[in-house]
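The values are calculated or read from the model by the stated rules, or taken from the named source; none is laboratory data. Just so we're clear, the structure is a prediction, and the values are computed from it rather than from any experiment. When we count neighbours, we look across all protein chains shown, and the Cβ atoms used for this are built from the backbone with ideal geometry, even at glycine. Note: accessible area is taken over every heavy atom of the protein model, side chains too, but ligands, DNA and RNA are not part of it. Shrake-Rupley method; radii C 1.70, N 1.55, O 1.52, S 1.80 Å.
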Amino acid sequence: MHYLVYSMDNLPAADAADAALLDEYERVQYARRGARYLAERMLLRRELSRLSGVPVQDIRLTYNENGKPEFAPQPFSLAHSGDCLCLAFHHSPVGVDVERMRPRNFAQIAPRFMAPRQLEGFLARGCPMEEFYACWCAAEALVKLAGDSIWHAAERFPLSYRSGCVSPLFEPKPAVELFSPMPGYMGAATFSL
């Protein structure tokens, strides 16, 4: 597996010719989200082309029932938060997430993605920020790997956290790698073993 990290403020510019390559869903998103979205999608297309050998203009994404974009010849996942964009690629399905670390109401948010036993330990430890973001990123990455929704994370993808490592508590166990994509950010990538 490999991943690429970019600062959203330093993405290569994209133009009208690039916009013509977008599918209908992406054109709607581009109209809503602007030039950075177009630049992000063109980076993705260029890397998919490089890895698969399919010309950029022939890259056609499909979307699963939860809206996850897919490209059959080359599994990928993408995530962005704040100024950070991460693209992950693997020979099998992959999920990635990045989050800008900042103080939040961790006790209120954690029940959305932590299973009851995990949540109990997290609360007992005083809701440490690093553990919160490691588990949140891992849960989001697992959800993306499965093509699911974050609302199912707590019941479908229970995790444990110990000494800076996240381990799935379900079978089959996918690999989970934590990484720091940029200062002040946490990331997690996951793929099937």
Quick one: which of Ala146, Ala139, Ala124 is open to solvent by 50 Å² or more (accessible area, probe 1.4 Å), under 13 Å from the mean Cα position of the chain (by Cα) and not basic (Lys, Arg)? Ala146
Scan the stretch 159-189 for residues that are buried (at least 19 other Cβ atoms within 10 Å of the Cβ) and either touching a Lys or Arg at 6+ places or on another chain (Cβ under 8 Å) or free of Cβ contacts under 8 Å to residues at least 24 places away in the same chain (or both) and jot them down. Tyr185
I'd like the full set of residues that are of a type in the set (D, E, K, R), more than 17 Å from Arg33 (Cβ to Cβ) and not in a strand (DSSP E or B), limited to the stretch 47-88. Glu47, Arg50, Asp58, Arg60, Glu65, Lys68
From the options Arg36, Arg32, Arg45, residue that is open to solvent by 30 Å² or more (accessible area, probe 1.4 Å) and modelled with pLDDT of 95 or more: Arg32
Please go through the stretch 150-169 and give me each residue that is among the hydrophobic types (A, V, I, L, M, F, W, C), out of contact with any strand residue (DSSP E or B) (no Cβ under 9 Å at 6 or more places or on another chain) and more than 13 Å from Pro116 (Cα to Cα), ordered by number. Ile150, Trp151
